Amino acid sequence: MEFNKNKVRKPAKTVEATAKDGIERRTFWDWFGVLEISSFICGAAVMVLEMAGSRVVAPYMGTSLVVWTSLIGVIMASLSAGYWLGGVAADLRPDQKMLARIVLVAAFATGFLALFANPVLTLLSRIDNLYISSVMGALLLFALPSLLLGMVSPFIVRLAMRDVGSSGETVGRFSALSSAGSILGTFLGGFVLISVFASGTILLLVAATLAFVAYLLYRSIWKKAAAICVAFLLLTAVTKVWGMPMMPLGEHMDTRYNHIWVAEQTRPNGRRARYLMTAAVREGAQSIIYTDNPSELASDYTKFYDLAFYYNPGVKNILMLGGGGYCVPRHLVATRSDDLRLPTFSMDVVEIDPGITTTARKYFFLQDSPALSIYHEDARIFLNRAARDPRRKGSYDAVFADVFGSWYSIPFHLATLEAAQAMSDLLAPDGVLISNVISSLYGPRSGVLHGIYAALSRVFPRVLLFPASNSDRAFAQSRQNIMVVAFKSENSLPILPPYNPEIARLLSHRWTDPFIPAIPPFTDAFAPVERYALRD
């Protein structure tokens with residue numbers, strides 16, 4: 001065969017070769033073309049997926065460090081695998097049609113996560129080991145969409161690569177775009193989406209957005225992309241996912257800090273009770289009220305806060321850390337007001353989540369009262385600031401602490417020696433601290449109590465323990481609510497008998513055996529509460 005030189009095609013000119021002065025010139029669409037837009041949106045989708053995913057998991061497994069570690073670890077591992085697979089796939093078939101298919105499958109996987117998380121997590125929540133259940137849940141639900149989204153970045157870089165001479169700029173540009181998208185996704189998810197939409201809604205919207213990106217990448221795929229996009233958008237509208245149940249019963253709400261579940265059921269005593277939960281459902285309720293008498297304390301452990309008035313009859317000013325359903329403040333307003341219904345005390349309540357307060361107003365009969373002042377901020381931040389304020393030092397006759405989300409969801413910075421010192425600084429000379437701790441007295445489940453007790457004992461001269469459920473020695477290794485009562489003064493114990501049978505019943509729960517903590521006090525520098533809480 002004769003070689004025809006007239007058919008030889010000249011190589012395409014590079015961008016550098018077309019520039020008159022040798023400097024690369026780029027148009028607007030060179031910087032913000034479909035590949036750039038796709039890189040930015042997919043980067044944002046990863047972070048929104050992670051943040052919304054934490055809310056999907058929370059009702060079943062809580063929001064402890066273990067759950068967050070599992071979620072972040074699995075997503076990062078999946079992204080890493082995706083980066084490698086994306087690079088391999090891009091070398092084998094470097095075309096936008098293939099990339100569009102990857103993004104479309106990622107959209108479908110994200111929608112699948114939104115729709116089928118409930119049965120998957122229900123099944124996994126039956127596993128007693130939180131380490132195993134949280135890792136498995138993250139793998140089954142988040143590994144595939146994260147892996148597929150991880151494939152996008154190297155694939156886009158391969159498609160955008162013009163020549164070796166500009167490869168560094170290309171990689172840097174798309175890395176910056178993807179990171180910028182992740183930054184936007186973080187702030188958008190944390191500041192806006194989670195406060196406005198339920199987690200299911202967010203995931204369906206992410207899925208619909210990814211389907212639209214697939215269409216932008218390859219127009220001929222528009223039928224499949226449009227079908228998935230429209231299906232997820234219609235599902236969002238039809239189910240009204242801001243009320244879409246991630247569990248079969250009750251009202252569900254997502255706030256800036258929590259996934260809240262409110263439900264009702266009839267208790268063994270035949271009375272109808274309403275429950276508020278913010279951690280894994282299997283770990284019990286944060287707040288309980290009787291619907292026929294909301295001011296009555298339904299949770300036994302909350303009744304022990306009345307001991308403050310026994311140990312210090314002059315209690316007038318109270319600080320409570322953790323509002324929850326505001327059961328204790330509402331009970332005190334109802335029971336400690338004079339004949340004119342004027343409260344005989346004042347109470348500052350510190351609740352980190354404004355959504356909890358809104359829920360308490362809507363479902364738990366919280367009403368404004370001249371006795372109550374509510375502060376929406378982290379309790380430790382409040383303590384630090386108040387302890388530095390000369391006007392607040394020594395101003396409280398009692399401090400109540402009820403900050404456990406569950407037996408393993410523990411704000412460690414409120415269990416430390418430094419936190420105990422701040423609470424002591426705020427107490428009057430005859431003040432009393434009463435704190436709820438979910439733990440056992442002895443055995444492998446007791447580490448949390450021992451660490452907190454050791455910290456309080458360093459600051460307060462006298463500390464007492466009241467197992468709320470059962471003070472029998474046979475139950476010393478059973479996990480339960482244990483009320484820790486600490487006194488600012490060593491001479492605070494009254495010598496008078498209890499003034500009513502209910503106080504006498506509460507006092508009968510006192511643990512009278514000597515209690516010596518087996519571990520050092522928790523400190524801000526080292527408070528491994530999860531390690532002790534998850535021991536069996």
Per-residue HN-Hα couplings for the stretch 80-89 [Karplus 6.51, -1.76, 1.60; θ = phi - 60°; Hz; x = Gly/Pro]: 4, 5, x, 4, 5, 5, x, x, 5, 5
Cα long-axis angle, helix 354-363 against the chain (0 to 90 degrees, to the nearest 10): 60 degrees
Amide H contacts under 5 Å for I374, placed H, 5+ residues apart: V349
Computed label-point distance, nm, for sites K393 and K97 using a 7 Å Cα→Cβ extension: 7.6 nm
Dipole magnitude (debye, nearest 20) for the chain, charges at Cβ of Lys, Arg, Asp, Glu: 1600 debye
Length released on extending from D163 to N491, taking residue separation times 0.36 nm less the Cα-Cα span: 109.9 nm
Total lysine pairs whose alpha carbons fall under 29 Å of each other in the chain (8 or more apart, or interchain): 18
Mean separation of Cα contacts under 8 Å (6+ apart) over length of the stretch 448-536, as relative contact order %: 43 percent
Dipole magnitude (debye, nearest 20) for the stretch 25-240, charges at Cβ of Lys, Arg, Asp, Glu: 500 debye
Dipole-positive endmost among I503, A90, P521 within the chain (Cβ charges, Cα centre): A90
R473 versus D300: modelled label distance in nm, points set 7 Å from Cα along the beta carbon direction: 2.0 nm
The chain - mean residue ellipticity at 222 nm from DSSP helices (-39,500 (n - 2.57) per run, n ≥ 4, rounded to 500): -15500 deg cm²/dmol
Crossing angle, helix 222-239 versus the chain [Cα axis fit, 0-90 degrees, rounded to tens]: 20 degrees
Relative contact order (%) - the chain, alpha-carbon pairs under 8 angstrom, separation at least six: 12 percent
Student exercise, the stretch 406-536 dipole from Lys, Arg, Asp, Glu Cβ charges, in Debye to nearest 20: 280 debye
Global form of the chain, assessed from the alpha-carbon gyration tensor, a/c cut-off 1.5: prolate
Virtual spin-label span in nm between Y290 and F187, 7 Å along Cα→Cβ: 5.1 nm
Shape call, the stretch 25-240: gyration tensor on alpha carbons, a/c limit 1.5: prolate
Between 0 and 90°, nearest 10: helix 96-124 axis offset from the chain longest Cα axis: 20 degrees
Residues L210, L321, sorted so that the one with the fewest Cβ neighbours within 10 Å comes first: L321, L210
Cα gyration tensor shape of the stretch 294-533, rounded if a/c is under 1.5, else prolate or oblate by comparing a/b with b/c: rounded
Packing rank of 161-168, 105-112, where each peptide gets the mean count of other beta carbons within 10 Å, highest leading: 105-112, 161-168
Taking the stretch 294-533 and dividing mean pair separation by its residue count, relative contact order in percent (alpha carbons under 8 Å, at least six apart): 21 percent
Antiparallel DSSP beta bridges within the chain, percent to nearest 5: 60 percent
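None of the figures in this text is laboratory data; all of them are computed from the coordinates on show. This structure is a prediction, so every number in the text was calculated from the model and none was measured. When we count neighbours, we look across all protein chains shown, and the Cβ atoms used for this are built from the backbone with ideal geometry, even at glycine.
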